[in-house]
Amino acid sequence: MPSTFDTVANIISETCDIPRETIKPESHAINDLGIDSLDFLDIAFAIDKAFGIKMPLEQWTQEVNDGKATTEQYFQLNNLCTRIDELVAAKGA
Amino acid sequence: MRIEYFQLIDRIVDLDLAQQTIRTEARVPTASTIFEGHFPGFPLMPGVLLIEAMAQTSGWLVIAVTKFTRMPFFAALKEAKLRSFITPGQTLSLSAKLLHEGSGFAVTSAEIRCDGKLACNAEITFRLVEFPNPEFRAAMERMAATLEFPTGALAHG
């Protein structure tokens with residue numbers, strides 16, 4: 001079974017046509033990979049479908065806009081994968 | 001339909017906030033300068049304007065769901081299929097369903113039927129922003145009244 005990161009990296013690679021080998025756990029989706037909000041919406045839909053979750057994108061965006069969170073907390077891929085794992089665990093709880 | 005003014009729908013027929021769906025209708029004019037060029041001797045409703053008609057139908061749904069606090073702007077189009085020719089004088093039944101709203105975006109699935117037959121469909125993404133200025137919002141409210149936008153539905157939605 002692929003890791004959360006592998007699944008997410010494959011989705012990003014396919015959705016945004018980014019070479020898979022350039023996508024690392026420490027990559028920041030926006031700052032390093034150049035993914036904009038419109039593309040990230042497609043990525044979020046694909047992640048939701050792959051993991052059977054619903055990422056609270058609006059809440060995350062609001063927290064970043066309000067200065068309560070940094071973009072790294074949600075959009076650096078290793079952190080994003082942790083958030084996804086938490087949502088998957090919460091779903092099964 | 002006032003094609004030259006980009007008013008591509010005539011009336012909101014139904015708005016269901018619980019189901020997050022909308023239905024509108026539009027009649028393609030029998031004459032327009034657009035048909036003189038598209039195409040000479042073979043007038044057809046341009047596919048891009050059919051897509052715009054689906055976007056406007058979807059847009060009113062998004063405006064309703066966000067209770068007139070956000071203006072949707074066309075951001076992306078997926079899986080657009082133009083399945084049959086639409087000609088001057090035909091009446092179109094348009095509908096849209098909200099698939100997503102949040103994080104500054106909305107996504108809808110929209111379609112147009114003509115004589116009960118599916119004529120085109122697409123998935124449309126909108127960027128949601130605050131109304132740029134009071135004049136624009138007032139113009140949209142006037143347009144809503146023209147289209148019989150069921151303002152009462154918002155209070156109960």
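Listed values, structure above:
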| read-out | value |
| --- | --- |
| Boolean, B:F131 is surrounded by fewer than 19 Cβ atoms within 10 Å (Cβ to Cβ) and farther than 14 Å from B:V62 by Cβ | no |
| Matching entry among A:A50, A:A90, A:A69 (being in contact (Cβ under 8 Å) with a residue 12 or more places away in the chain and small (G, A, S)) | A:A50 |
| Number of the exception - B:H38 against (1) surrounded by 18 or more Cβ atoms within 10 Å (Cβ to Cβ); (2) more than 14 Å from the chain's Cα centre (by Cα) | (1) |
| Any hit, region A:51-59, residues being over 21 Å from A:S3 (Cβ atoms), at the interface with chain B (Cβ under 10 Å from one of its Cβ atoms) and crowded, with 19+ Cβ neighbours inside 10 Å | yes |
| First in region B:95-107 and at the interface with another protein chain (Cβ under 7 Å from one of its Cβ atoms) and buried (at least 20 other Cβ atoms within 10 Å of the Cβ), second anywhere and modelled with pLDDT under 95 and not in a strand (DSSP E or B), Cβ under 8 Å, 6 or more apart | B:F105/A:S37; B:F105/A:L38; B:F105/A:L41 |
| Of residues in region A:1-15 being out of contact with any Pro (no Cβ under 7 Å at 6 or more places or on another chain) and under 21 Å from A:Q73 (Cβ atoms), the one surrounded by the fewest Cβ atoms within 10 Å (Cβ to Cβ) | A:S3 |
| Enumeration of residues in region B:16-36 that are under 12 Å from B:K97 (Cβ atoms) and in a strand (DSSP E or B) | B:D16, B:T21, B:I22, B:R23 |
| Residue pairs meeting the criteria (Cβ under 8 Å; at least 6 apart or on separate chains; first assigned to a helix (DSSP H, G or I), in region A:12-24; second loosely packed, with under 12 Cβ neighbours inside 10 Å) | A:S13/A:P19; A:S13/A:R20 |
| Subset tally (residues that are more than 14 Å from every other protein chain (Cβ to nearest Cβ) and buried (at least 17 other Cβ atoms within 10 Å of the Cβ)) for region B:75-89 | 2 |
| Some residue of region B:67-74 being more than 14 Å from chain A (Cβ to nearest Cβ), assigned to a strand (DSSP E or B) and surrounded by 13 or more Cβ atoms within 10 Å (Cβ to Cβ) | yes |
| Matching entry among A:A46, A:A29, A:A69 (being more than 23 Å from B:F126 (Cα to Cα) and either away from chain B (no Cβ under 13 Å) or surrounded by 15 or more Cβ atoms within 10 Å (Cβ to Cβ) (or both)) | A:A69 |
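The values are calculated or read from the model by the stated rules, or taken from the named source; none is laboratory data. Keep in mind the model is a prediction, meaning the values are calculated, not measured. Heads up, the Cβs are rebuilt from the backbone with ideal geometry, glycines too, and the neighbour counts pull from every protein chain shown.
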